[in-house]
Amino acid sequence: MIPGEQKIIFLNSYLPRTGHNFASEVIRVFTGHKILIHNKSETRLSKMLEAYFKIYKESIFHKSDRDFFNKLFIEGLRNRILKESSNEYSMIKDTTLIGTDYLPIVFPDDIHLILIRDPKNVYNSLIKGMKLGRPSLKNTVKKLGNKTGVYPWYYSRKLSKQVINELPDLNQHFIIQYEDLVTQNEELLRKFQALFKTHKSLEQIKREISDIRVINSSFFEEVKAKNIWDPQPTTEEYDPVNRKGNSWVIRKGIELGSKKLRSRLNYI
């Protein structure tokens, strides 16, 4: 396939546990894309671009020098990426928003998606996935903090500040809410139909989304998986929109600590 006929789908989310594996599978229903480099990969391309342009702006001043470096690192980059796949659509996904504003500049003819999810569910999942069983002073402090809700509040507040500092201008990107994917929001599905020019009916799309197996969930026990990477069909116990699995105290600490980020992402 000629590289100009191919498209790269860039899927970035703000943290792990935002559901980017599930989002990728939903988008695959429309595109049949290949994920570069492998299904579970998180390709730090946007972060690399952030570092490149920081050096470019701060340390390279002459036009001839800038042209030279662009020839080395930027020009032809898209063609080199597309040599890794013969599919019409290829996907590069990552769990960071760092450098995402550079992606449309370097790849103006491709598709740029940002996935968001309610932070209180992301942090609930992250905390539940922590391995605090190993004996150490740090883990002991965290376990005591979990019982009082102080650690979940501190953890959520600290991460929220980090994410807010990394947020791009969301008005300049195609934003996907994870919850809309799970609930099969028809407005979003129709936008995908138009974006990817699929001929599948809405009914067929919904059936295929319903058949997606859950991948890499810290709540793997709820989907009867032996480990977090086992794809499994969902069960009635599995509710990714209203995450529980932690005590009320932990969930309350998370809710308070994530308030600013939830507001910025329009969840409250």
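The values are calculated or read from the model by the stated rules, or taken from the named source; none is laboratory data. Quick caveat: nothing in here was measured; it's all calculated off a predicted structure. Backbone-built Cβ (ideal geometry, glycine too); neighbour counts: all protein chains shown.
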Cross-chain or 6+ apart pairs with Cβ under 6 Å, the stretch 134-159 first and within 13 Å of Val249 (Cβ to Cβ), then at pLDDT 85 or above and among the basic types (Lys, Arg): Gly149/Lys252; Tyr151/Lys142
Quick test for you: out of Phe22, Phe53, Phe68, Phe61, pick the one residue that is assigned to a helix (DSSP H, G or I), aromatic (Phe, Trp, Tyr) and without any contact (Cβ under 8 Å) to a residue 40 or more places away in the chain. Phe68
Across the stretch 1-14, which residue is nearest to Val122 (Cα to Cα) among those that are buried (at least 21 other Cβ atoms within 10 Å of the Cβ) and of a type in the set (A, V, I, L, M, F, W, C)? Leu11
Among Lys197, Lys224, which is the only one that is modelled with pLDDT under 60 and either over 18 Å from the mean Cα position of the chain (by Cα) or over 22 Å from Asn39 (Cα atoms) (or both)? Lys224
